[in-house]
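Peer 1: One structure follows; several queries about it will come next.
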Amino acid sequence: MDRKQVVNFGAGPAKLPQSVLVQAQKELLNYNGTGISVLEMSHRSSDFAKIINTTADALRELLHVPDNYKILFFQGGGSGQFSAVPLNLIGLKEDRCADYLVTGAWSAKAAKEAEKYGKVNVVHPKLDSYNKIPERSTWSLNPSASYVYYCCNETVHGVEFNFIPDTKGVVLVSDMSSNFLSRPVDVSKFGLIFAGAQKNVGCAGVTVVIVREDLLGRASKECPVIMDYQVQAENNSLYNTPPCFSIYIMGLVLEWIRNQGGADAMDQLNKQKADMINDIIDQSNGFYSCPVDVACRSRMNIPFRIGKKEGDENLEKSFLDGASKLGMISLKGHRSVGGIRVSLYNAVTVEDAKALVTYMEQFLRDHKK
Ligand code: PMP
């Protein structure tokens with residue numbers, strides 16, 4: 001199939017803006033007159049120093065990151081941070097314990113990993129299914145926890161926080177891998193934010209960590225040196241070879257976001273796209289059904305079933321086959337939940353979402369009894 005005919009609704013790695021790919025292609029063999037590719041460039045060169053510094057500066061500008069926060073680049077993905085966060089922060093207080101909100105598959109994995117390094121307190125009653133954020137009144141936060149952790153957008157289950165939890169002064173940590181820079185965020189409310197790039201801000205290979213300076217230098221002694229926030233901060237993320245090309249691509253995507261109007265513009269577009277999909281789901285009289293509580297439906301990942309609440313697998317298969325014939329790919333729900341999942345990251349256009357809505361309307365007319 002021709003690239004132009006494909007609409008990619010993948011959950012990540014995901015669609016990149018066309019102009020970014022074109023620029024990367026143009027510069028692939030000869031970056032900025034250096035005669036070499038970024039793929040071949042020393043991470044200690046002045047050209048790469050410019051790339052990494054410009055990328056960090058763009059993030060600082062787009063998210064209004066205050067001066068007392070470091071912006072770091074890591075390998076190891078979001079999953080690497082499931083370990084790095086407790087390794088660096090669980091010893092902030094003597095009790096070595098941390099509070100976790102577990103609202104989906106990713107925060108569940110993070111909590112499980114953290115248990116290796118300290119005591120983990122899940123602050124709310126266990127959820128039977130991941131389709132809502134437990135009422136604030138049911139949370140029991142521990143004032144002597146080293147930090148409170150939550151996943152801002154659960155990519156598999158489609159649950160997104162529309163508010164920042166109030167932790168009564170305890171350090172707040174958030175995994176924003178799947179909604180990073182999809183909207184503005186008040187960084188000053190957080191001790192640490194991390195996000196893999198491969199959904200909203202680039203390709204796989206690099207994970208951004210934004211961390212408040214007073215939290216540096218507190219790593220446990222068993223923390224691998226490459227995961228130590230203080231070490232990476234002192235070395236401008238160049239303690240060892242960073243994922244150079246992924247950082248370069250992130251720089252291009254951030255420039256694209258800036259040209260679109262920044263985080264506010266992403267916010268508006270992402271809301272518009274999600275509203276379009278949610279509207280057709282909600283107006284289908286149960287033919288399409290999204291299991292997630294309306295108050296916390298993700299604007300990035302919308303899971304839904306077709307035919308009946310628990311899903312009619314034959315109908316879902318025929319929906320996916322029909323979509324694929326029209327070039328709409330990667331709509332299959334995560335294997336642990338089944339059904340359909342639409343991911344609407346920054347690079348997915350309103351036109352892409354409209355094409356899907358048109359197909360969903362047609363499929364509804366053709367199959368509704
Ligand atoms: N957190 C979230 C919210 C994710 O969606 C993912 C991956 N999809 C991860 C963490 C793990 O990221 P990685 O595969 O890069 O380790």
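The values are calculated or read from the model by the stated rules, or taken from the named source; none is laboratory data. These numbers come from a predicted model, not from an experiment. Don't worry about glycine lacking a Cβ; one is built from the backbone with ideal geometry, like all the others, and counts go over all protein chains shown. The area values use the complete protein model at the heavy-atom level, side chains included, leaving out ligands, DNA and RNA. Shrake-Rupley method; radii C 1.70, N 1.55, O 1.52, S 1.80 Å.
Peer 1: Whole number in Å², please: accessible area per residue of segment 178-273, 1.4 Å probe, ligands, DNA and RNA not counted. Numbers along the way, then the final one.
Peer 2: Working: 3540 Å² over 96 residues.
On a per-residue basis, segment 178-273 sits at 37 Å².
Peer 1: Give me the three principal axis extents of segment 92-218 from the C-alpha atoms, as integers in angstrom, largest value leading.
Peer 2: Ordered largest first, segment 92-218 gives principal extents of 38, 38, 27 Å.
Peer 1: Follow-up question, since we're still on this one. Put +1 on the Cβ of every Lys and Arg and -1 on every Asp and Glu Cβ in the chain; which of Y149, V7, T241 then has its Cα farthest towards the positive end of the dipole?
Peer 2: Of the listed residues, the answer is V7.
Peer 1: About the Cα centre, and with charges only on the beta carbon of Lys, Arg (+1) and Asp, Glu (-1), how big is the dipole of the chain? Nearest 20 debye, please. Each step should come with its number before you reach the end.
Peer 2: Numbers: 41 positive and 40 negative charges, 126 e Å.
Here the size comes out at about 600 debye.
Peer 1: Report, in whole Å, the centroid distance computed from the Cα atoms of segment 269-343 and segment 22-99.
Peer 2: Using only Cα atoms, the two centres lie 33 Å from each other.
Peer 1: Tell me which residues come under 5 Å, amide H to amide H, from N301 once H is placed; ignore anything under 5 positions away on its chain.
Peer 2: Here the answer is L344, since their amide H atoms fall under 5 Å of that of N301.
Peer 1: Could the peptides 24-31, 247-254, 214-221 be put in order, highest first, of the mean number of other beta-carbon atoms found within 10 Å of their residues?
Peer 2: Taking the mean over residues of other Cβ atoms within 10 Å, the ranking is 247-254, 214-221, 24-31.
Peer 1: With a 10 Å cut-off between alpha carbons and a GNM built on the chain, which of D267, D352, D312 moves the most?
Peer 2: Answer for the Gaussian network model of the chain: D312.
Peer 1: Calculate, axis by axis, the spread of Cα positions in segment 160-234 along the three principal axes, and write the results as whole Å, longest axis first.
Peer 2: So the three principal-axis extents are 36, 35, 18 Å.
Peer 1: Now for a different question. When a/c reaches 1.5 or more, the comparison of a/b and b/c decides; with that in mind, is segment 128-174 rounded, prolate or oblate per its Cα gyration tensor?
Peer 2: On the way: a/c = 2.23, a/b = 1.65, b/c = 1.35.
The shape class here is prolate.
Peer 1: Which one of A84, Q232, Y31 has its Cα pushed farthest toward the positive end of the charge dipole of the chain, where Lys and Arg give +1 and Asp and Glu give -1 at the Cβ?
Peer 2: A84
Peer 1: I'd like the trypsin sites (Lys or Arg not before Pro) in segment 124-155 restricted to DSSP loop residues with at most 15 other Cβ atoms within 10 Å, sorted by number. List each step's numbers first, then the result.
Peer 2: Details: sites: K126, K132, R136; in loops: K126, K132.
The qualifying sites are K126.
Peer 1: Between I36, I302, I277, find the one with the highest GNM mean-square fluctuation for the chain; connect C-alpha pairs within less than 10 Å.
Peer 2: I36
Peer 1: Let me have the relative contact order for the chain, percent, based on Cα pairs under 8 Å that are six or more residues apart. Could you put the intermediate results ahead of the total?
Peer 2: Values: 670 pairs, mean separation 84.2, N = 369.
Relative contact order here is 23 percent.
Peer 1: Related question: Which residue, chosen from Q18, T55, N131, occupies the Cα position most advanced towards the positive end of the dipole of segment 8-159, where the dipole is computed from +1 (Lys, Arg) and -1 (Asp, Glu) charges on Cβ about the Cα centre?
Peer 2: N131
Peer 1: What number results when the radius of gyration of segment 1-87, computed over Cα atoms, is divided by 2.2 N^0.38 Å?
Peer 2: In units of the globular-protein estimate, segment 1-87 measures up at 1.39.
Peer 1: Here's another thing I want to ask about it. State the Cα centre-to-centre distance between segment 222-263 and segment 111-154 in whole Å.
Peer 2: Going from one Cα centre to the other spans 28 Å.
Peer 1: Shape of the chain from its Cα gyration tensor (a ≥ b ≥ c, root eigenvalues): rounded if a/c is under 1.5, otherwise prolate when a/b > b/c, or oblate? Before the final figure, lay out each step's value.
Peer 2: Numbers: a/c = 2.15, a/b = 1.19, b/c = 1.81.
Oblate shape, in that a/c is at least 1.5 and b/c is the bigger or equal ratio.
Peer 1: Go ahead and set up a Gaussian network model of the chain, Cα springs under 10 Å, then flag whichever of Y239, Y149, Y117 fluctuates most.
Peer 2: Looking only at Y239, Y149, Y117, the biggest GNM fluctuation is shown by Y239.
Peer 1: Filter the chain for me: DSSP H helices, axial length by Cα at least 15 angstrom, mean Kyte-Doolittle hydropathy not below 0.5. List them by residue number. Mind showing how you got there, number by number?
Peer 2: On the way: long enough: 46-62 (24 Å, 0.01); 77-89 (18 Å, 0.38); 244-260 (24 Å, 0.83); 262-282 (30 Å, -0.63); 313-325 (18 Å, -0.89); 350-367 (25 Å, -0.38).
Helices meeting the span and hydropathy rule in the chain are 244-260.
Peer 1: Give me the percent of accessible area attributable to carbon and sulfur for segment 36-189, probe 1.4 angstrom. Write down the numbers at each step before the final one.
Peer 2: Details: 3300 of 6380 Å².
Roughly 52 percent of what the probe reaches on segment 36-189 is carbon or sulfur.
Peer 1: Okay, next question. Rounded to the nearest 5, what % of the DSSP beta bridges within the chain are antiparallel ones?
Peer 2: Working: 21 of 36 bridges.
So the antiparallel bridges in the chain amount to around 60 percent.
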